[in-house]
Amino acid sequence: MNKLVDWKERLKKGHMLSVIVVLLIAVAILGIILYKKQREYRQASENSYNMAFYELVDYVQNVETYLAKALISTTPEHGAETLTNLWREANLAQSYLSMLPVESQELENTEKFLNQVSDYSYSLSRKNIYNESLSEEDLNNLTELHSYSTELENTLNQLSEDLNSGRFEWGELTKKGTVAFAQQVDNISKESFSNLEENFHEYSGLIYDGAYSEHMTSTEKKGLTGEDIDEEKAKSIIEEFMGKDKIKEIASLGLSENATIPAYTFSITGNNDENTNISISQKGGHIIYMNTNREVNTEILSQEEATQKGKEFLETRGFTNMKETYYVTQEGITTINYAYQQEDVIVYSDLIKVKVALDNGEILGIETTGYLNNHTERDISKIQITKEQAKENLNPKLELTSEGMAIIPTEWQTELLCYEFKGKVNDKQFLVYINAENGREEDILIITDTGNGVLTM
């Protein structure tokens, strides 16, 4: 009997040992698999960064080539083609630069340079398209840009040699983190990324005549004013903005440092248990967005009343001289676009969106990104043609219903001062924008009544 018990105990011990051995083998196999996966991922990332870098090198070389060609081009036709190619290559170079594992502030001047080459070449190409030759100042600016493009090309070629010789890997940069990036790249090579910025240390951007030169050369968020604030200050701003008596609880969701506008985000519980999300900029404590989730089952207010509610709300929060433009209504909530108005000029770049509940006029949301990115006082003195002269460039079939002035943004992050003409052709409504400096037709929008609101296309 004792032998039988002893045999069972040995069997149990042997069984446990087998289980332990199997587990150890499984862990080892899993570790090997994870290691291989991690190595494959690291290699894939390295390959992706290498591809982006070498594409960047190629496009920067093309930028230098087209800048050189632009300097010796003698006809507007060929100049327009060269400058359009330059605009495209600089845009692509920016795209591949952004793919590298480097925070934008580390290469701020390099990004600024490529952005300026892109915007400036587009601006000059339009002169050529309209059969205007480049001025002496234009050519001097291109010469300066070409000089910097040569510096950039040489530095990238040196960095390319460092990469080919194995002196660094992209993975090493991501491990070190962006905080210590400058020190890390200095250790890689004296002629690499640290010098990339050093070459542009004195590069401050071109200043040239035009309706949108300041917008092009300035990369700061013009409406984002004030000193940095902490989380407690952000909470006090929320209480003042929403009304302390309407807040039951504030929960912090942290600081988003890598957002376009670094911001503190909070989740708010109201007195009726409704939930509101709100974001406050770290710089200056500006409201970036607020959104309250609440069902609206009845529509009592008219669109005019809701528009007035939104305008009054903006004025009490410090957003003055805002003019309603277009709106859309869904499920008892109307979202209205308000644009800043400077004297009699509507500035469409400085846009704020406001959500108004149609049952009681409560403000359920606000979004100020456009305003914070762009708001500043513009120079609206550069009017070279009269309104009557601008009308001469309109389609004679356009039956005018209103006339005014506006500053419109372009897809190239510039702005244009224009006459804004609203009119009809065959019962279809249009907005036509005529450049106030040269009379060119800059844009045409179709005004559409969707049944739920008035929008432009």
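Residue by residue through the range 220-248, note down the ones that are farther than 17 Å from Gly365 by Cα, in contact with a strand residue (DSSP E or B) (Cβ under 9 Å, 6 or more places away or on another chain) and either in a helix (DSSP H, G or I) or aromatic (Phe, Trp, Tyr) (or both).
Glu231, Lys233, Ala234, Lys235
In the range 259-273, what residues are part of a loop (DSSP other than H, G, I, E, B) and either within 16 Å of Phe241 (Cβ to Cβ) or in contact (Cβ under 8 Å) with a residue 24 or more places away in the chain (or both)?
Thr260, Ile261, Asn271, Asp273 - these are the residues of the range 259-273 that are part of a loop (DSSP other than H, G, I, E, B) and either within 16 Å of Phe241 (Cβ to Cβ) or in contact (Cβ under 8 Å) with a residue 24 or more places away in the chain (or both).
Does Leu163 qualify as being of a type in the set (A, V, I, L, M) and at pLDDT 80 or above?
When the stated conditions are applied, Leu163 does not pass them.
Please go through (1) out of contact with any strand residue (DSSP E or B) (no Cβ under 6 Å at 6 or more places or on another chain); (2) among the small types (Gly, Ala, Ser); (3) over 30 Å from Ile380 (Cβ atoms); (4) at pLDDT below 95 for Gly318 and return the number of the only condition it doesn't satisfy.
For Gly318, the exception is condition (3).
Yes or no: the range 110-123 includes at least one residue that is closer than 16 Å to Glu153 by Cα, part of a helix (DSSP H, G or I), aromatic (Phe, Trp, Tyr) and free of Cβ contacts under 8 Å to residues at least 60 places away in the same chain.
No, that holds for no residue.
Can you tell me which residue is farthest from Glu415 (Cα to Cα) among those in the range 364-400 that are without any contact (Cβ under 8 Å) to a residue 60 or more places away in the chain and β-branched (Val, Ile, Thr)?
By that ranking, first place goes to Thr386.
I'd like to know if the range 103-122 contains one or more residues that are in the same structural domain as Val60 (by TED's automatic domain parsing), surrounded by 13 or more Cβ atoms within 10 Å (Cβ to Cβ) and over 22 Å from Leu56 (Cα atoms).
no
Does Ser147 satisfy being in a helix (DSSP H, G or I), in contact with a helix residue (DSSP H, G or I) (Cβ under 7 Å, 6 or more places away or on another chain), under 17 Å from Lys69 (Cα atoms) and among the hydroxyl-bearing types (Ser, Thr, Tyr)?
Answer is no for this residue.
Surrounded by 14 or more Cβ atoms within 10 Å (Cβ to Cβ) and either outside the structural domain of Glu64 (by TED's automatic domain parsing) or modelled with pLDDT under 80 (or both), is that true of Gly171?
So Gly171 fits the description; yes.
Does Glu81 satisfy the criteria of being assigned by TED's automatic domain parsing to the domain that holds Ser48, in contact (Cβ under 8 Å) with a residue 40 or more places away in the chain and farther than 28 Å from Asn258 by Cα?
No; evaluated as a whole, the condition is false for this residue.
Evaluate the following for Ala251: is it in contact with a strand residue (DSSP E or B) (Cβ under 7 Å, 6 or more places away or on another chain), crowded, with 18+ Cβ neighbours inside 10 Å and small (Gly, Ala, Ser)?
Spelling it out, it is not the case that Ala251 is in contact with a strand residue (DSSP E or B) (Cβ under 7 Å, 6 or more places away or on another chain), crowded, with 18+ Cβ neighbours inside 10 Å and small (Gly, Ala, Ser).
Would you mind stating whether Glu367 is at pLDDT 90 or above and either touching a Ser or Thr at 6+ places or on another chain (Cβ under 7 Å) or outside the structural domain of Asn277 (by TED's automatic domain parsing) (or both)?
For Glu367, the condition - at pLDDT 90 or above and either touching a Ser or Thr at 6+ places or on another chain (Cβ under 7 Å) or outside the structural domain of Asn277 (by TED's automatic domain parsing) (or both) - is not met.
Return the only residue of Val296, Val347, Val354, Val328 being under 26 Å from Asp427 (Cβ atoms) and of a type in the set (A, V, I, L, M).
Answer to the selection: Val328.
If you take the residues of the range 434-457 that are in contact with a Ser or Thr (Cβ under 7 Å, 6 or more places away or on another chain) and in a loop (DSSP other than H, G, I, E, B), which of them is nearest to Glu343 (Cα to Cα)?
My answer is Met457.
Return yes or no: is Leu100 aliphatic (A, V, I, L, M) and more than 27 Å from the chain's Cα centre (by Cα)?
No; evaluated as a whole, the condition is false for this residue.
Looking only at the range 398-433, count how many residues are within 27 Å of the chain's Cα centre (by Cα) and either aliphatic (A, V, I, L, M) or in a loop (DSSP other than H, G, I, E, B) (or both).
Summing the residues that are within 27 Å of the chain's Cα centre (by Cα) and either aliphatic (A, V, I, L, M) or in a loop (DSSP other than H, G, I, E, B) (or both) in the range 398-433 gives 13.
Looking only at the range 45-55, decide whether some residue is modelled with pLDDT of 85 or more, of a type in the set (A, V, I, L, M, F, W, C), part of a helix (DSSP H, G or I) and crowded, with 17+ Cβ neighbours inside 10 Å.
For the range 45-55, residues modelled with pLDDT of 85 or more, of a type in the set (A, V, I, L, M, F, W, C), part of a helix (DSSP H, G or I) and crowded, with 17+ Cβ neighbours inside 10 Å: absent.
The values are calculated or read from the model by the stated rules, or taken from the named source; none is laboratory data. This is a predicted model, so every value here is computed, not measured. Note: ideal-geometry Cβ built from the backbone for every residue, glycine included; neighbour counts use all protein chains shown.
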